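Chemist: Starting off with a structure, shown below.
Every number in this text was worked out from the coordinates using simple rules, so none of it is lab data. No experiment lies behind these values; they were computed from the predicted model shown. Quick reminder, even Gly has a Cβ in these numbers, built from the backbone with ideal geometry, and neighbours come from all protein chains shown.
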Amino acid sequence: MTAARARLAVPLLAGALALALLLATAKGSVALPFAGVLQALAAKLGLSAGETSLDATGQTILFTVRLPRVLLAALVGGGLAVVGAVLQSVFRNPLADTGLLGVGAGASLGAVLAVHAGLASAVFFALPLAAFAGALSAVLAVYFVAGASGRTSLHGLLLTGIAVSALAGALTSVMLVATEEFRVKTVLFWLAGGLEGRGWTHVQAAAVFVLSGVSLLVLLGRPIDVLSLGEEEAASLGLPVRATRLGLLGLAALVSGAATAAAGSVPFVGLMAPHALRPIVGPLSRRLLPAAFLGGALLVVLADLGTRTLSAHYELPLGALTACVGAPYFLLALRANEGRG
Amino acid sequence: MSAREVLLSARGLAVERGSRRVLSDVSLELRKAEALVVVGPNAAGKSTLVRALAGLLDPAAGEVRLLDRALPDWPRDARARALALVSSEEEGPDALSVAERVGLGRYPHRGPFQAMADADDTAIARAIEQTGIAALAGRRLGTLSAGERQLATLARGLAQEPRVLLLDEPAAHLDIGHQLQLFRTLDEVRGRGVGVLAVVHDLARAAQWAERMLLVAGGRIAAEGEPGAVLESAAAQDAFGVSIRGVAIADGGERAWRFEERPRG
């Protein structure tokens, strides 16, 4: 039926992502010629003799500013989309997402605490780890409150997520007031989400956590699918339900923590990418998660390009941009979901 | 009949939900190829019994033995290869296709990482064929009727290729044609030696299909034996609060059943 479409989805998404990556590296306040970018990249990868039409400034922009930023956008988007898809299976709800479940707010709080304590600049992995701790606390709080009965209704889930988000947000505001002035701008910037000024160290930190977490989640695709059948059926099929669920939530928190540490809060990506791709590739995780990774990466690479090019005067906040697209998308999806009863 | 191997047995089984005892002192045996039906009024403890037999609820007292080994001693995956539970309450995610749902029944055989083999494809195809849902194999669960979803859940249970099949109201949403198909499928499965225990609401249908009937009332087994005899017992009439009468139909020993309200005292 949709087998052909499902098989085509991943190569098509990969192709689109490659084009978007190229476009996003070339475009910006200073435009670089496509040919020059391609030549320079080929030379860097050892694919060509090293001839490039890009001048020294162009090369500096490409390799120290654009490329790390664009790759980071892809990692953040891909990671968040995979986490969204996993949360949707674990909570058995097609509209679950990091933002709606308070995971984003928890990760932000963790990261703000790290910045406040001055840890973020002192210890290399402190920021992603603090964001991870915050994300984990939030997801566990939602899991134990909304999921205590084993069956999570959409309403219970969203309301618990709102409460957890509000609490984390409140604590974040308190921290903000207490934070030394020179750090406030960092914190604020990061709450709105963005990739401004991110370099290779950020890419490394994000890549370690996002790629390892996503790989493990893809490997665990079959247990994720069994879990999506519901607690009772999963248990009757021999799955250790509690341990699996906690392990998956831990990995989800790790990945979303790393993504939040890198880019701040980037809402709705985890909802949109899997939601749009599930009808095409189906809900089985081994196929959905890789497709969602590519789709989420594509989305955030384009959104980040938008933040740099939509306004001639300011760089727009990345999280605000994804929210402007994602919130209406969520409302439409919610309506469709409620309509089916 | 009594010579057949016992596949599943319970001795003095009791289950508590919170501090309330919902099942007390239940003992039963399910034999190879047997058709055992469990009936009882609402909230009698039938579903609890099935879940305890499947190992999903820990008993407060007594024990369940599967193939002569205590249930808690079974590794999870081996238990799921020996015993399958099909409940009418289970509903997979809407986006899952029927074939994918049935395929997840192979999880106990392949675990998280092993690739699917020919034996899996054969089991999946046979389960889909037997439940008569071949035409629906590519459809997503969200587009199916409640009855069709139920058949897909049954097919998942068959794909597990268990030796014991437990069903909780498998016919709840099925129209008459699908009901007949369901019980014919269960008989085919029994033909391969699988012991089948089913909770069935429709008493006449239950009596027609089963070799043996258990009446559960107030969390205990109130009567047990040949279906007709159980239905006509005083225990059954008290449990349901109705009068039950079998009327012999001309050919053979088959009976039609008449149910009438009894004035409540």
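Chemist: What list of ³J(HN,Hα) values in whole Hz, one per residue of the range A:316-323 in order, does the Karplus curve 6.51 cos²θ - 1.76 cosθ + 1.60 (θ = phi - 60°) give from phi, with Gly and Pro shown as x?
Modeler: Each residue's phi maps through the Karplus curve to give 6, x, 4, x, 5, 5, 5, 5 Hz.
Chemist: Counting just the Cα atoms, what span does the protein assembly as shown cover along each of its three principal axes? Round to the nearest Å and put the largest first.
Modeler: 99, 52, 43
Chemist: What is the mean number of Cβ atoms from other protein chains located within 10 Å of the Cβ atom of each residue in peptide A:222-235, rounded to a whole number?
Modeler: Per-residue shielding by partner chains comes out at 6.
Chemist: What is the distance in Å between the Cα centroid of the range A:236-259 and that of the range B:142-168?
Modeler: Computed from Cα coordinates, the inter-centre distance equals 27 Å.
Chemist: Report for the range B:133-265 the percent antiparallel among DSSP-assigned beta bridges with both residues inside it, nearest 5.
Modeler: Antiparallel bridges: around 70 percent, rounded to the nearest 5.
Chemist: Three principal axis extents, largest first, for the C-alpha atoms of chain A, in Å?
Modeler: Dimensions of chain A along the principal axes of its Cα atoms: 63, 57, 34 Å.
Chemist: Moving on to the next point. Full-extension gain between A:Ala18 and A:Thr64, please, as 0.36 nm times their residue separation minus the C-alpha to C-alpha distance.
Modeler: Length difference between fully extended and current span is 14.6 nm.
Chemist: Which residues does a label at B:Ala60 reach in the range B:9-26, if reach means a backbone N under 17 Å from a point 7 Å past the Cα toward the Cβ?
Modeler: So the set is B:11-26.
Chemist: Using Cα pairs closer than 8 Å and at least 6 residues apart in sequence, work out the relative contact order for chain B, in percent. Each step should come with its number before you reach the end.
Modeler: Values: 513 pairs, mean separation 63.8, N = 265.
Relative contact order of chain B: 24 percent.
Chemist: Taking a temperature of 10 °C and a viscosity of 1.306 mPa s, what whole-number D in µm²/s does Stokes-Einstein yield for the range A:152-307 with Rh from Kirkwood over alpha carbon pairs?
Modeler: After rounding, the answer is 90 µm²/s.
Chemist: Give me the log10 of I(q) over I(0) for the range B:120-212 at q = 0.22 Å⁻¹, as the Debye formula computes it from C-alpha points; what are the numbers?
Modeler: Calculated log10 I(q)/I(0) at the listed q: -1.18.
Chemist: Using only the Cα atoms of the range B:1-93, build the gyration tensor, take square roots of its eigenvalues as a ≥ b ≥ c, and label the shape rounded, prolate or oblate: rounded if a/c is under 1.5, else prolate if a/b is larger than b/c, else oblate.
Modeler: rounded
Chemist: Here's a follow-up. Report the residue, chosen from A:Leu248, A:Leu12, A:Leu271, that carries the largest GNM mean-square fluctuation when chain A is represented by alpha-carbon nodes joined by springs under 10 Å.
Modeler: For chain A, modelled as a Gaussian network with Cα springs under 10 Å, the answer is A:Leu12.
Chemist: Amide H to amide H, which residues 5 or more places from B:Asp168 or on other chains are under 5 Å from it, using H placed in the peptide plane?
Modeler: Under 5 Å from the amide H of B:Asp168: B:Val86, B:Ser87, B:Ser88, B:Val199.
Chemist: What's the local net charge at A:Phe63, with K and R +1, D and E -1, over the other residues with C-beta under 15 Å away?
Modeler: Spelling it out: positives minus negatives among the neighbours equals +3.
Chemist: Grab the other residues whose beta carbon is less than 15 angstrom from that of A:Leu176, score K and R as +1, D and E as -1, and report the net.
Modeler: 0
Chemist: Based on DSSP, what percent of beta bridges with both residues in chain B are antiparallel, to the nearest 5? It would help to have the intermediate numbers written out before the result.
Modeler: Values: 28 of 46 bridges.
For chain B, the DSSP antiparallel bridge percentage is about 60.
Chemist: Let me ask another. Determine, from the Cβ-Cβ distance of A:Ile162 and A:Ala42 and an R0 of 56 Å, the FRET efficiency 1/(1 + (r/R0)^6), rounded to the nearest 0.05.
Modeler: FRET efficiency, A:Ile162 to A:Ala42: 0.70.
Chemist: Just to check I understand the Karplus step: with θ = phi - 60° and J = 6.51 cos²θ - 1.76 cosθ + 1.60, what whole-Hz values come out for the range B:23-30, glycine and proline as x?
Modeler: Running phi through 6.51 cos²θ - 1.76 cosθ + 1.60 with θ = phi - 60° gives 8, 10, 6, 9, 10, 7, 9, 10 Hz.
Chemist: While we're here: Apply the Karplus parameterisation 6.51 cos²θ - 1.76 cosθ + 1.60, with θ equal to phi minus 60°, to every residue of the range A:254-259 and state each ³J(HN,Hα) to the nearest whole Hz, in sequence, with x for glycine and proline.
Modeler: Computed from phi, the couplings for the range A:254-259 are 4, 5, 6, x, 5, 5 Hz.
Chemist: Roughly how tilted is helix B:176-191, in degrees to the nearest 10 and between 0 and 90, from the longest Cα axis of chain B?
Modeler: Computed tilt is about 80 degrees.
Chemist: R0 = 35 Å: FRET efficiency of A:Leu331 with A:Leu219, Cβ-based, nearest 0.05?
Modeler: 0.50
Chemist: Determine the percent antiparallel among the DSSP beta bridges restricted to the protein assembly as shown, to the nearest 5.
Modeler: If I count the DSSP bridges inside the protein assembly as shown, around 60 percent turn out antiparallel.
Chemist: Within the range B:178-265, which GluC sites (Glu not before Pro) sit in a loop by DSSP and count at most 14 neighbouring Cβ atoms inside 10 Å?
Modeler: B:Glu254
Chemist: Moving on to the next point. Got the relative contact order for chain A handy, in percent, Cα pairs under 8 Å and 6 or more residues apart?
Modeler: 30 percent
Chemist: Right, next: Could you work out how far helix A:200-219 tilts from the main Cα principal axis of chain A, as a 0 to 90 degree angle to the nearest 10?
Modeler: Roughly 40 degrees between the two axes.
Chemist: Please compute, for peptide A:239-245, the average count of beta-carbon atoms on other protein chains lying within 10 Å of each residue's beta-carbon.
Modeler: 2
Chemist: May I ask you to list the trypsin sites (Lys or Arg not before Pro) in the range B:214-265 that are in a DSSP loop and have at most 16 other Cβ atoms within 10 Å of their Cβ?
Modeler: Passing sites in the range B:214-265 are B:Arg264.
Chemist: Which aspartates and glutamates, if any, have their Cα less than 13 Å from the Cα of A:Lys44, not counting same-chain residues under 8 positions apart?
Modeler: Cross-link targets: none qualify.
Chemist: Here is a further query. Express in whole angstrom the spacing between the alpha-carbon centres of the range B:203-265 and the range A:20-50.
Modeler: Rounded to whole Å, the Cα centres lie 81 Å apart.
Chemist: Continuing with this model, one more query. Can you report the principal axis dimensions of chain B using only the alpha carbons, biggest first, rounded to whole angstrom?
Modeler: Principal-axis extents of chain B (Cα, largest first): 60, 42, 38 Å.
Chemist: Please list, in chain and number order, the residues 5+ apart from B:Ala222 or on another chain whose amide H is under 5 Å from its amide H, with Hs placed from the backbone.
Modeler: B:Leu215, B:Val216, B:Ala217
Chemist: Now for a separate question. Which residue, A:Ala234, A:Ala107, A:Ala81, tops the fluctuation ranking in a GNM of chain A built on C-alpha contacts under 10 Å?
Modeler: Largest GNM mean-square fluctuation: A:Ala234.
Chemist: By how many degrees, between 0 and 90 and to the nearest 10, does the Cα long axis of helix A:269-281 differ from the longest principal axis of chain A?
Modeler: 80 degrees
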